[in-house]
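K.L.:
What follows is a structure written as C-alpha coordinates; I'll ask about it next.
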Amino acid sequence: MKLQQLKYICEVAKHDLNVSLTAESLFTSQPGISKQIRMLEDELGIQIFQRSGKHLTSITSAGKVIINLAEGILEQAQNIKRVAEDYRDDSQGSLSIATTHTQARYVLPHIIQDFIKLYPDVALHMHQGTPIQISELASKGKVDFAIATEALELFDNLVMMPCYRWNRIVIVNKTHPLADGLPLTLERLAEFPLVTYVFGFTGRSQLDKAFKDAGLIQKLIFTASDADVIKTYVRLNLGVGIVASMAYDEKADTDLVRLDASHLFEASVTRIGFRKGTFLRTYMYEFIRLFAPHLTRELVEQSLETNSKEEVNEIFTGVDLPDY
(Lines give C-alpha, C1' and ligand atoms only; values in the text may rest on other atoms or scores of the structure.)
Protein backbone atom coordinates (compact mmCIF):
# COMPACT_ATOMS: atom_id res chain seq x y z
CA MET A 1 0.00 0.00 0.00
CA LYS A 2 1.43 3.35 -1.10
CA LEU A 3 0.50 6.93 -0.28
CA GLN A 4 0.23 7.54 -4.02
CA GLN A 5 -2.46 4.86 -4.30
CA LEU A 6 -4.39 6.38 -1.42
CA LYS A 7 -4.15 9.79 -3.08
CA TYR A 8 -5.48 8.37 -6.34
CA ILE A 9 -8.60 6.82 -4.82
CA CYS A 10 -9.35 10.02 -2.87
CA GLU A 11 -8.89 12.20 -5.93
CA VAL A 12 -11.03 9.93 -8.10
CA ALA A 13 -13.80 10.17 -5.51
CA LYS A 14 -13.49 13.97 -5.45
CA HIS A 15 -13.73 14.10 -9.26
CA ASP A 16 -17.02 12.15 -9.33
CA LEU A 17 -15.26 8.94 -10.46
CA ASN A 18 -13.96 10.61 -13.61
CA VAL A 19 -10.50 9.07 -14.01
CA SER A 20 -9.62 11.23 -17.03
CA LEU A 21 -10.35 14.43 -15.14
CA THR A 22 -8.42 13.11 -12.14
CA ALA A 23 -5.41 12.35 -14.32
CA GLU A 24 -5.48 15.87 -15.77
CA SER A 25 -5.63 17.47 -12.31
CA LEU A 26 -2.69 15.35 -11.11
CA PHE A 27 -0.67 15.74 -14.33
CA THR A 28 -0.42 12.01 -14.83
CA SER A 29 -1.92 9.35 -17.12
CA GLN A 30 -5.33 7.74 -16.87
CA PRO A 31 -3.95 4.18 -17.35
CA GLY A 32 -1.42 4.81 -14.57
CA ILE A 33 -4.15 5.79 -12.09
CA SER A 34 -6.37 2.86 -13.08
CA LYS A 35 -3.46 0.43 -12.71
CA GLN A 36 -2.54 1.71 -9.22
CA ILE A 37 -6.17 1.51 -8.05
CA ARG A 38 -6.39 -2.09 -9.32
CA MET A 39 -3.15 -2.97 -7.53
CA LEU A 40 -4.49 -1.54 -4.27
CA GLU A 41 -7.76 -3.44 -4.63
CA ASP A 42 -5.85 -6.67 -5.35
CA GLU A 43 -3.67 -6.12 -2.28
CA LEU A 44 -6.71 -5.50 -0.06
CA GLY A 45 -8.78 -8.26 -1.65
CA ILE A 46 -11.86 -6.07 -2.11
CA GLN A 47 -13.28 -3.62 -4.61
CA ILE A 48 -13.15 0.07 -3.76
CA PHE A 49 -15.12 1.04 -6.87
CA GLN A 50 -17.92 -0.65 -8.78
CA ARG A 51 -17.38 -0.82 -12.52
CA SER A 52 -19.31 -1.13 -15.76
CA GLY A 53 -16.75 -2.16 -18.33
CA LYS A 54 -13.85 0.25 -18.00
CA HIS A 55 -15.90 2.95 -16.29
CA LEU A 56 -16.21 3.47 -12.54
CA THR A 57 -19.89 3.71 -11.58
CA SER A 58 -19.97 3.96 -7.78
CA ILE A 59 -18.00 3.60 -4.58
CA THR A 60 -18.55 0.37 -2.68
CA SER A 61 -19.51 0.36 0.99
CA ALA A 62 -16.01 -0.78 1.91
CA GLY A 63 -14.59 1.79 -0.47
CA LYS A 64 -16.32 4.64 1.36
CA VAL A 65 -14.74 3.58 4.65
CA ILE A 66 -11.32 3.13 3.05
CA ILE A 67 -11.43 6.51 1.28
CA ASN A 68 -12.41 8.23 4.51
CA LEU A 69 -9.45 6.62 6.30
CA ALA A 70 -7.16 7.40 3.37
CA GLU A 71 -8.04 11.09 3.56
CA GLY A 72 -7.01 11.11 7.22
CA ILE A 73 -3.73 9.34 6.42
CA LEU A 74 -2.92 11.80 3.62
CA GLU A 75 -3.69 14.73 5.91
CA GLN A 76 -1.37 13.37 8.59
CA ALA A 77 1.33 12.81 5.96
CA GLN A 78 0.98 16.46 4.99
CA ASN A 79 1.19 17.44 8.66
CA ILE A 80 4.43 15.46 9.00
CA LYS A 81 5.88 17.47 6.11
CA ARG A 82 4.73 20.71 7.74
CA VAL A 83 6.33 19.77 11.06
CA ALA A 84 9.61 19.04 9.31
CA GLU A 85 9.43 22.30 7.34
CA ASP A 86 8.67 24.31 10.47
CA TYR A 87 11.60 22.86 12.40
CA ARG A 88 13.92 23.12 9.39
CA ASP A 89 13.04 26.76 8.64
CA ASP A 90 9.95 28.44 10.07
CA SER A 91 10.39 31.51 7.88
CA GLN A 92 9.71 29.83 4.54
CA GLY A 93 6.67 28.16 3.06
CA SER A 94 3.29 29.08 1.63
CA LEU A 95 -0.03 30.27 2.97
CA SER A 96 -3.32 30.06 1.08
CA ILE A 97 -6.40 32.02 2.12
CA ALA A 98 -9.94 31.86 0.76
CA THR A 99 -12.21 34.81 1.44
CA THR A 100 -14.85 37.15 0.07
CA HIS A 101 -14.33 40.34 -1.92
CA THR A 102 -15.17 42.52 1.09
CA GLN A 103 -12.45 40.92 3.23
CA ALA A 104 -9.90 40.89 0.40
CA ARG A 105 -10.57 44.47 -0.64
CA TYR A 106 -11.17 46.30 2.65
CA VAL A 107 -9.88 44.27 5.61
CA LEU A 108 -6.88 42.19 4.58
CA PRO A 109 -4.56 44.54 2.62
CA HIS A 110 -2.76 46.11 5.60
CA ILE A 111 -2.67 42.76 7.44
CA ILE A 112 -1.06 41.05 4.46
CA GLN A 113 1.33 43.97 4.13
CA ASP A 114 2.44 43.52 7.76
CA PHE A 115 2.67 39.75 7.33
CA ILE A 116 4.92 40.05 4.26
CA LYS A 117 7.25 42.34 6.20
CA LEU A 118 7.57 39.66 8.89
CA TYR A 119 7.75 36.70 6.49
CA PRO A 120 9.04 37.85 3.09
CA ASP A 121 9.86 34.26 2.09
CA VAL A 122 6.34 32.91 2.61
CA ALA A 123 4.35 32.80 -0.63
CA LEU A 124 0.78 34.06 -0.15
CA HIS A 125 -2.12 32.83 -2.30
CA MET A 126 -5.60 34.34 -2.09
CA HIS A 127 -8.77 32.78 -3.47
CA GLN A 128 -12.02 34.74 -3.68
CA GLY A 129 -15.47 33.24 -3.88
CA THR A 130 -18.83 32.78 -2.24
CA PRO A 131 -18.90 31.80 1.44
CA ILE A 132 -19.91 28.26 0.42
CA GLN A 133 -17.02 27.98 -2.04
CA ILE A 134 -14.62 29.41 0.53
CA SER A 135 -15.76 26.97 3.21
CA GLU A 136 -15.55 24.01 0.84
CA LEU A 137 -11.98 24.89 -0.09
CA ALA A 138 -10.96 24.86 3.57
CA SER A 139 -13.05 21.76 4.31
CA LYS A 140 -11.30 19.83 1.53
CA GLY A 141 -7.87 21.06 2.60
CA LYS A 142 -7.29 23.04 -0.60
CA VAL A 143 -6.58 26.25 1.34
CA ASP A 144 -5.13 26.81 4.79
CA PHE A 145 -7.65 29.39 6.04
CA ALA A 146 -11.17 30.44 5.18
CA ILE A 147 -12.30 33.90 6.27
CA ALA A 148 -16.02 34.60 6.01
CA THR A 149 -19.17 35.61 7.84
CA GLU A 150 -21.56 33.07 6.34
CA ALA A 151 -21.48 29.31 5.65
CA LEU A 152 -18.46 28.23 7.73
CA GLU A 153 -20.79 26.67 10.29
CA LEU A 154 -22.13 24.27 7.63
CA PHE A 155 -18.93 22.21 7.63
CA ASP A 156 -18.34 20.00 10.65
CA ASN A 157 -14.66 19.41 9.93
CA LEU A 158 -13.73 23.09 10.29
CA VAL A 159 -12.46 24.80 13.43
CA MET A 160 -14.03 28.28 13.40
CA MET A 161 -12.85 31.09 15.63
CA PRO A 162 -14.53 34.50 15.97
CA CYS A 163 -12.47 37.46 14.77
CA TYR A 164 -14.56 40.62 14.97
CA ARG A 165 -18.10 42.02 14.99
CA TRP A 166 -19.37 44.36 12.31
CA ASN A 167 -22.59 45.89 11.12
CA ARG A 168 -24.06 47.61 8.10
CA ILE A 169 -24.32 51.07 6.66
CA VAL A 170 -26.76 52.56 4.20
CA ILE A 171 -25.24 54.49 1.30
CA VAL A 172 -27.15 56.95 -0.88
CA ASN A 173 -26.46 59.84 -3.24
CA LYS A 174 -26.33 63.28 -1.65
CA THR A 175 -29.67 64.26 -3.21
CA HIS A 176 -31.52 61.15 -2.01
CA PRO A 177 -34.50 61.66 0.39
CA LEU A 178 -32.76 59.50 3.03
CA ALA A 179 -29.93 62.04 3.17
CA ASP A 180 -32.26 64.54 4.85
CA GLY A 181 -30.81 64.04 8.33
CA LEU A 182 -33.96 62.46 9.79
CA PRO A 183 -33.66 59.21 11.81
CA LEU A 184 -33.11 56.11 9.69
CA THR A 185 -35.72 53.39 10.23
CA LEU A 186 -36.57 50.09 8.59
CA GLU A 187 -39.92 51.58 7.60
CA ARG A 188 -38.18 54.37 5.69
CA LEU A 189 -35.79 51.89 4.04
CA ALA A 190 -38.72 49.73 2.94
CA GLU A 191 -40.06 52.64 0.90
CA PHE A 192 -37.14 52.51 -1.54
CA PRO A 193 -35.63 49.92 -3.90
CA LEU A 194 -32.59 48.30 -2.28
CA VAL A 195 -29.21 47.32 -3.67
CA THR A 196 -27.33 44.86 -1.47
CA TYR A 197 -25.47 41.57 -1.24
CA VAL A 198 -26.54 38.30 -2.84
CA PHE A 199 -28.13 35.94 -0.32
CA GLY A 200 -25.45 33.99 1.55
CA PHE A 201 -22.92 36.82 1.30
CA THR A 202 -21.50 39.10 3.98
CA GLY A 203 -24.16 38.82 6.66
CA ARG A 204 -27.08 39.07 4.25
CA SER A 205 -29.12 36.70 6.45
CA GLN A 206 -29.14 39.26 9.29
CA LEU A 207 -30.54 41.89 6.95
CA ASP A 208 -33.34 39.63 5.75
CA LYS A 209 -34.20 38.68 9.32
CA ALA A 210 -34.56 42.31 10.40
CA PHE A 211 -37.12 43.09 7.70
CA LYS A 212 -38.99 39.85 8.30
CA ASP A 213 -39.18 40.38 12.08
CA ALA A 214 -40.55 43.89 11.45
CA GLY A 215 -43.20 42.54 9.07
CA LEU A 216 -41.73 44.56 6.18
CA ILE A 217 -41.00 43.56 2.60
CA GLN A 218 -37.68 44.49 1.04
CA LYS A 219 -37.83 45.98 -2.43
CA LEU A 220 -34.71 44.23 -3.68
CA ILE A 221 -33.97 45.55 -7.13
CA PHE A 222 -30.36 44.44 -7.53
CA THR A 223 -27.98 42.15 -5.64
CA ALA A 224 -24.26 41.52 -6.06
CA SER A 225 -21.39 39.81 -4.25
CA ASP A 226 -19.09 42.81 -4.63
CA ALA A 227 -19.52 45.96 -2.50
CA ASP A 228 -17.85 48.06 -5.18
CA VAL A 229 -20.44 46.89 -7.71
CA ILE A 230 -23.23 47.77 -5.26
CA LYS A 231 -21.81 51.29 -4.86
CA THR A 232 -21.63 51.69 -8.63
CA TYR A 233 -25.36 51.05 -8.95
CA VAL A 234 -26.14 53.36 -6.06
CA ARG A 235 -24.29 56.09 -7.95
CA LEU A 236 -26.57 55.37 -10.91
CA ASN A 237 -29.59 56.04 -8.66
CA LEU A 238 -30.75 52.46 -9.08
CA GLY A 239 -31.49 52.13 -5.38
CA VAL A 240 -30.40 52.50 -1.76
CA GLY A 241 -27.26 50.54 -0.94
CA ILE A 242 -26.79 48.40 2.15
CA VAL A 243 -23.23 47.20 2.61
CA ALA A 244 -20.79 46.16 5.33
CA SER A 245 -19.51 49.15 7.31
CA MET A 246 -15.89 48.43 6.33
CA ALA A 247 -16.80 48.70 2.62
CA TYR A 248 -17.05 52.50 2.75
CA ASP A 249 -13.84 54.13 1.56
CA GLU A 250 -13.38 57.54 3.23
CA LYS A 251 -11.33 58.80 0.27
CA ALA A 252 -13.01 57.18 -2.74
CA ASP A 253 -16.66 57.37 -1.64
CA THR A 254 -16.99 61.04 -0.72
CA ASP A 255 -19.75 61.41 -3.34
CA LEU A 256 -21.93 59.06 -1.30
CA VAL A 257 -23.63 59.72 2.02
CA ARG A 258 -22.94 57.11 4.68
CA LEU A 259 -25.79 56.42 7.15
CA ASP A 260 -25.19 54.28 10.22
CA ALA A 261 -27.59 51.31 10.28
CA SER A 262 -26.20 49.40 13.27
CA HIS A 263 -29.35 50.17 15.27
CA LEU A 264 -31.48 48.43 12.63
CA PHE A 265 -29.64 45.13 12.21
CA GLU A 266 -28.12 42.53 14.50
CA ALA A 267 -24.33 42.54 14.36
CA SER A 268 -22.54 39.84 12.37
CA VAL A 269 -19.33 38.02 13.28
CA THR A 270 -16.53 37.28 10.83
CA ARG A 271 -14.65 34.06 11.56
CA ILE A 272 -11.48 32.37 10.47
CA GLY A 273 -11.72 28.64 9.88
CA PHE A 274 -9.34 25.80 9.10
CA ARG A 275 -9.60 22.06 8.76
CA LYS A 276 -9.54 20.01 11.96
CA GLY A 277 -6.31 18.13 12.53
CA THR A 278 -4.25 20.66 10.59
CA PHE A 279 -0.73 21.32 11.83
CA LEU A 280 -0.35 25.08 11.90
CA ARG A 281 3.10 26.37 11.15
CA THR A 282 4.57 29.22 13.19
CA TYR A 283 3.84 31.83 10.53
CA MET A 284 0.22 30.63 10.34
CA TYR A 285 -0.25 31.44 14.02
CA GLU A 286 1.27 34.83 13.32
CA PHE A 287 -1.15 35.52 10.46
CA ILE A 288 -4.09 34.67 12.73
CA ARG A 289 -2.73 37.02 15.39
CA LEU A 290 -2.34 39.85 12.89
CA PHE A 291 -5.88 39.36 11.64
CA ALA A 292 -7.42 38.98 15.10
CA PRO A 293 -5.05 40.02 17.92
CA HIS A 294 -7.20 38.36 20.61
CA LEU A 295 -6.61 34.96 18.95
CA THR A 296 -3.45 34.07 20.83
CA ARG A 297 -1.55 30.89 20.07
CA GLU A 298 -2.88 29.44 23.33
CA LEU A 299 -6.52 30.04 22.30
CA VAL A 300 -5.93 28.65 18.82
CA GLU A 301 -4.30 25.51 20.22
CA GLN A 302 -7.22 25.07 22.64
CA SER A 303 -9.60 25.33 19.69
CA LEU A 304 -7.61 22.70 17.78
CA GLU A 305 -8.14 20.24 20.61
CA THR A 306 -11.94 20.55 20.62
CA ASN A 307 -14.35 18.04 19.12
CA SER A 308 -17.34 20.26 18.36
CA LYS A 309 -18.40 23.79 17.48
CA GLU A 310 -20.02 24.07 20.88
CA GLU A 311 -16.69 23.44 22.61
CA VAL A 312 -15.03 26.13 20.49
CA ASN A 313 -17.82 28.56 21.38
CA GLU A 314 -17.27 27.81 25.07
CA ILE A 315 -13.60 28.79 24.74
CA PHE A 316 -14.61 32.21 23.46
CA THR A 317 -17.45 32.79 25.90
CA GLY A 318 -16.71 36.06 27.61
CA VAL A 319 -14.06 37.09 25.08
CA ASP A 320 -14.76 40.69 24.08
CA LEU A 321 -14.63 40.75 20.28
CA PRO A 322 -13.47 43.97 18.64
CA ASP A 323 -15.86 45.95 16.44
CA TYR A 324 -14.80 46.74 12.94
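K.L.:
Among the aspartates and glutamates, which fall within straight-line cross-link reach of Lys2, defined as a Cα-Cα distance under 16 Å, with same-chain neighbours fewer than 8 residues apart omitted?
P.N.:
Cross-link targets: Glu11, Glu41, Asp42, Glu43, Glu71, Glu75.
K.L.:
In addition: What pairs in Lys140/Lys219; Lys231/Lys309; Lys54/Lys276; Lys35/Lys64 have C-alpha atoms more than 26 Å from each other?
P.N.:
Working: Lys140/Lys219 37 Å; Lys231/Lys309 36 Å; Lys54/Lys276 36 Å; Lys35/Lys64 20 Å.
From the list (Lys140/Lys219; Lys231/Lys309; Lys54/Lys276; Lys35/Lys64), the Cα-Cα distance tops 26 Å for Lys140/Lys219; Lys231/Lys309; Lys54/Lys276.
K.L.:
Can I ask one more? If you roll a 1.4 angstrom probe over the protein chains with everything in place, what fraction of the accessible area of region 176-253 belongs to carbon and sulfur, to the nearest %?
P.N.:
Exposed carbon and sulfur together represent 59 percent of the surface.
K.L.:
If you build a Gaussian network model of the chain, linking Cα atoms that sit under 10 Å apart, which residue out of Pro177, Pro31, Pro131 swings the most?
P.N.:
Of Pro177, Pro31, Pro131, the Gaussian network model singles out Pro31 as fluctuating most.
K.L.:
By DSSP, what percent of the beta bridges with both residues in the chain are antiparallel, rounded to the nearest 5?
P.N.:
55
K.L.:
OK, next. Accessible area of Tyr285, 1.4 Å probe, to the nearest 10 Å²?
P.N.:
For Tyr285, the solvent-accessible surface is approximately 30 Å².
K.L.:
For the chain, what is the accessible area per residue in Å² when the probe is 1.4 Å?
P.N.:
Averaged over the residues of the chain, the accessible area is 50 Å².
K.L.:
Quick one: grab Rg to one decimal and Dmax as a whole number for region 71-169, Cα atoms only, in Å.
P.N.:
Considering region 71-169 through its Cα atoms, Rg and Dmax are 14.8, 47 Å.
K.L.:
Also, I was wondering about something else. What number, in percent, do you get for the relative contact order of the chain if the mean sequence gap of Cα pairs under 8 Å and at least 6 apart is divided by its residue count?
P.N.:
Working: 502 pairs, mean separation 65.8, N = 324.
Worked out over the chain, it gives 20 percent.
K.L.:
Then there's this: With semi-axes √(5λ) of the Cα gyration tensor in Å in mind, check [x] 35, 21, 18; [y] 28, 25, 20; [z] 43, 24, 18 and report the label derived from this structure.
P.N.:
Read-out taken from this structure: [z].
K.L.:
Determine one quarter of the surface area of the Cα convex hull of region 119-260, which equals its mean projected area, and express it in nm² to one decimal.
P.N.:
Taking a quarter of the hull surface, the average projection is 10.5 nm².
K.L.:
Quick one: pull the percent of accessible area on region 87-173 belonging to carbon and sulfur, 1.4 Å probe, ligands and nucleic acids left out. Walk me through the numbers on the way to the answer.
P.N.:
Values: 1780 of 3640 Å².
Using a 1.4 Å probe with all protein chains present, region 87-173 comes out at 49 percent carbon and sulfur.
The values are calculated or read from the model by the stated rules, or taken from the named source; none is laboratory data. All figures in this text were calculated on a predicted structure; none of them were measured in a lab. The protein model used for the area step is the full one, side chains on, heavy atoms only, and it has no ligands, DNA or RNA in it. Shrake-Rupley method; radii C 1.70, N 1.55, O 1.52, S 1.80 Å.
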